[in-house]
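Student: Below is one structure. I have some questions about it.
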Amino acid sequence: MRPVLWLASVSTMHEHPDDLDEQQLRAALAEWGDIAAQLDYTAVGFGDHHWTVTAADGQRRFVTVADLDHKEHCGHGVSGRDGVRRGLHRAMDTAAVLGTASGLDFVVAPLPTHEGATVVPLGQRYAVSVFPFTSGEAGFFGETLPPQDRTQVIEMLAALHGTTPPESTPEIPADIPGRHRLEQALDSTDVAWSGGPYAEPAREQLAEHAEAVRAKLADLDRLTETAARPEAGLVVTHGEPHAGNLLHSGGRQLLVDWDTVGLAPPERDLWLVAAEPQDLDTYAQLTGRKPDPSAMALFSLRWALSDLVEFVDWFGRPHAETDDTEQAWEGFTDTLAELSG
């Protein structure tokens, strides 16, 4: 089995960040003790950066360095680096509590520092969290799980949704984070974009699909109104329980990547897992709560539009032609095609 703890919705981050000094990273990791005799950059996930660290005694841990400029898509209703950092703190604190909850042994939770923190600042742009190193086989985004695995994930989600929310759990707004920036970009497609090799191509692509994107934003607003707030209340949701965030280890599945955890209707998770009506029937039998098709549609559309905001931000900022920006471009064009289909 290959040791993996993080695969996000698009692909992997191949490029070591030029503005991140590993000596600074070592200093931040010292908050967890002497755990980083050796640092190995690990190209997994998208938007964040990851290392495997090995202590002098051979014990390994998995390190995530969150890029706050690419975290607003987590959807906690915050913006700016300081707001995103606060949202990340709340999410990781929530995951840490969930990791100790009875019946939630599938949660791969962050390890606390000596002072009990789950996130440590690393300069202005980055923040560090440390996780246990777990060997296993990770899936990939877009993979359809076999029925037996889907049932297991549905059971995990039913347990998660039934747990008492930790005090730190943020509430997830129905609208997409950064919507105003997407609307501004749609309104400025007649003005040249600058900042890197993909800026102008991104403007041209957005201009071509602008009518379809505006229509989807209107659909999102209608769905937000028609998918009424559930009478049973909001539940603790993971946010991204797709196959890429599942780790098959020791005959069971573990759920990683908790930075999007938050209070929301259960359909926020279910639309990513349910491939057949039976999957939703299983959830209803376990919880006594019948999933709402309108809410399923809402969160599916919210996902695509949130991705679009992230890609528009990516190509609106200064950028170079790298493997990572090439993969972001593929994600951008695929998302536009999906929204226009």
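The values are calculated or read from the model by the stated rules, or taken from the named source; none is laboratory data. Just so you know, these numbers come straight off a predicted model, no measurement behind them. Cβ: placed from backbone, ideal geometry, glycine included. Neighbour counts: every protein chain shown. For accessibility, only protein heavy atoms count, side chains too; no ligands or nucleic acids. Shrake-Rupley method; radii C 1.70, N 1.55, O 1.52, S 1.80 Å.
Student: Mind checking the alpha-carbon convex hull of the chain and giving the volume per residue in Å³? Please report the intermediate quantities before stating the final value.
Tutor: On the way: hull volume 44.5 nm³, N = 341.
Taking only Cα atoms, the chain has a hull volume of 130 Å³ per residue.
Student: Apply the membrane-span-like helix rule to the chain: whole DSSP H runs, Cα extent along the own long axis of at least 18 Å, mean Kyte-Doolittle hydropathy at least -1.0. List the helices found.
Tutor: Helices meeting the criterion: 80-98, 147-161, 210-226, 293-316, 323-340.
Student: What nm distance separates the two modelled labels at E211 and L263, each placed 7 Å from Cα along Cα→Cβ?
Tutor: Going by the 7 Å Cα→Cβ label model, 4.2 nm.
Student: Of L68, L286, F311, which is farthest on the positive side of the dipole of the chain, counting Cα position, with +1 on Lys and Arg Cβ, -1 on Asp and Glu Cβ, and the Cα centre as origin?
Tutor: L286
Student: Between L20 and F133, what is 0.36 nm times their sequence separation minus the Cα-Cα distance? Round to one decimal in nm. Present the calculation step by step, with values, prior to reporting the outcome.
Tutor: Values: separation 113, 0.36 × 113 = 40.68 nm, distance 2.24 nm.
That pair, L20 and F133, stretches by 38.4 nm at full extension.
Student: Follow-up question, since we're still on this one. Could you tell me the accessible area of M156 in Å² (1.4 Å probe, neighbours in place), rounded to the nearest ten?
Tutor: Rounded to the nearest 10, the figure is 20 Å².
Student: Whole angstrom only: what separates the Cα centroid of the range 212-257 from the Cα centroid of the range 191-207?
Tutor: Centre-to-centre (Cα) distance: 30 Å.
Student: Quickly estimate the mean residue ellipticity at 222 nm for the chain, helices only: each DSSP H run with n ≥ 4 gives -39500 (n - 2.57), and the total goes over all residues, rounded to 500. Walk me through the intermediate numbers first.
Tutor: On the way: 10 runs with 135 residues, N = 341.
Calculated mean residue ellipticity at 222 nm is -12500 deg cm²/dmol.
Student: With every atom except the alpha carbons ignored, what do you get for Rg and Dmax of the range 149-296, in angstroms?
Tutor: Just the Cα atoms of the range 149-296 yield Rg and Dmax of 18.7, 55 Å.
Student: If I ignore ligands, DNA and RNA and count only protein heavy atoms, how much of L223 is accessible to a 1.4 Å probe, in Å² to the nearest 10?
Tutor: Looks like 40 Å² after rounding.
Student: Next question. With a cap of 11 neighbouring Cβ atoms within 10 Å, and only residues DSSP puts in a loop, list the GluC sites (Glu not before Pro) found in the range 266-335. Please list the in-between numbers first.
Tutor: Numbers: sites: E267, E310, E321, E326, E330; in loops: E321.
Of the GluC sites (Glu not before Pro), the ones in loops of the range 266-335 whose Cβ has at most 11 other Cβ atoms within 10 Å are E321.
Student: I need the GluC sites (Glu not before Pro) found in the range 196-246, filtered to DSSP loop residues with at most 13 other beta carbons within 10 Å of theirs.
Tutor: On the way: sites: E204, E208, E211, E225, E231; in loops: E231.
Qualifying residues, ordered by number: E231.
Student: Carbon-plus-sulfur fraction of the accessible area of the chain, 1.4 Å probe, in percent? All intermediate terms of the calculation are to be shown ahead of the outcome.
Tutor: Values: 7020 of 14660 Å².
The nonpolar share, carbon plus sulfur, comes to 48 percent.
Student: Here's a follow-up. Which FRET efficiency, nearest 0.05, do E321 and E31 yield, Cβ-Cβ r, R0 51 Å?
Tutor: Values: r = 36 Å, r/R0 = 0.70.
About 0.90, to the nearest 0.05.
Student: Which whole-number value in Å² is the accessible area per residue of the range 169-229, probe 1.4 Å?
Tutor: On the way: 3210 Å² over 61 residues.
Computed with neighbouring chains in place, this is 53 Å² per residue.
Student: Report the calculated FRET efficiency for Q278 and R86 (r = Cβ-Cβ distance, R0 = 35 Å), to the nearest 0.05. All intermediate terms of the calculation are to be shown ahead of the outcome.
Tutor: Numbers: r = 40 Å, r/R0 = 1.15.
Calculated transfer efficiency: 0.30.
Student: Sorted by accessible area (1.4 Å probe), largest first, how do E338, E200 line up?
Tutor: Values: E338 115, E200 55 Å².
In descending accessible area the options line up as E338, E200.
Student: May I ask you to list the GluC sites (Glu not before Pro) in the range 152-192 that are in a DSSP loop and have at most 11 other Cβ atoms within 10 Å of their Cβ? Working shown, then result.
Tutor: Details: sites: E155, E167, E171, E183; in loops: E167.
Here the GluC sites (Glu not before Pro) that fit, given the DSSP loop and packing criteria, are E167.
Student: Once R0 is set to 25 Å, what does the formula 1/(1 + (r/R0)^6) return for the Cβ-Cβ distance between E143 and L286, expressed as a FRET efficiency to the nearest 0.05? Kindly include the intermediate steps, with their values, before the conclusion.
Tutor: Values: r = 23 Å, r/R0 = 0.92.
The pair E143/L286 has a calculated efficiency of 0.60.
Student: Where the centre of each part is set by its Cα atoms, how far does the range 93-113 sit from the range 285-324, in angstrom?
Tutor: Using only Cα atoms to place each centre, the spacing works out to 25 Å.
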